[in-house]
């Protein structure tokens with residue numbers, strides 16, 4: 001913990017309220033690191049293939065069981081994993097899936 005109250009897990013100099021590695025939280029939003037310098041093994045992909053997979057994802061409106069008042073829009077982790085094979089498991093989505101509005105535009 002810093003003098004300003006920031007907490008770091010796997011990070012000795014947290015710049016936000018909570019930092020877990022390079023992911024950080026400002027108290028309202030998770031900000032996931034996307035810096036090219038933190039990544040490796042870049043491989044080109046077919047944009048057409050990716051868009052075809054996105055178009056095939058079921059896009060639904062839903063809410064978390066623990067928060068019935070907040071609606072969300074997008075695919076679920078199981079469908080995303082089945083389509084792309086990404087993520088540590090089929091229970092959580094990679095950060096890209098959190099941007100709900102683009103999914104609907106891709107499917108248009």
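Kindly provide the set of residues from the range 71-94 that are part of a strand (DSSP E or B) and at pLDDT below 90, ordered by number. Steps first, answer last, please.
Of the range 71-94, the ones part of a strand (DSSP E or B) are 71-74.
Of everything in the range 71-94, those that are part of a strand (DSSP E or B) and at pLDDT below 90 turn out to be 72, 73, 74.
Consider the range 48-61. How many of its residues are part of a strand (DSSP E or B) and modelled with pLDDT under 90?
Total satisfying the criteria: 0.
Report yes if residue 60 is surrounded by 10 or more Cβ atoms within 10 Å (Cβ to Cβ) and touching a residue at least 12 places away in the same chain (Cβ under 8 Å), otherwise no. Reasoning before the result, please.
Working: surrounded by 10 or more Cβ atoms within 10 Å (Cβ to Cβ): yes; touching a residue at least 12 places away in the same chain (Cβ under 8 Å): yes.
Answer is yes for this residue.
The values are calculated or read from the model by the stated rules, or taken from the named source; none is laboratory data. Predicted model, so just to flag it, every value in this text is computed and none were measured. A quick note on method: Cβ atoms are made from the backbone with ideal geometry, for glycine too, and the neighbour counts reach across all protein chains shown.
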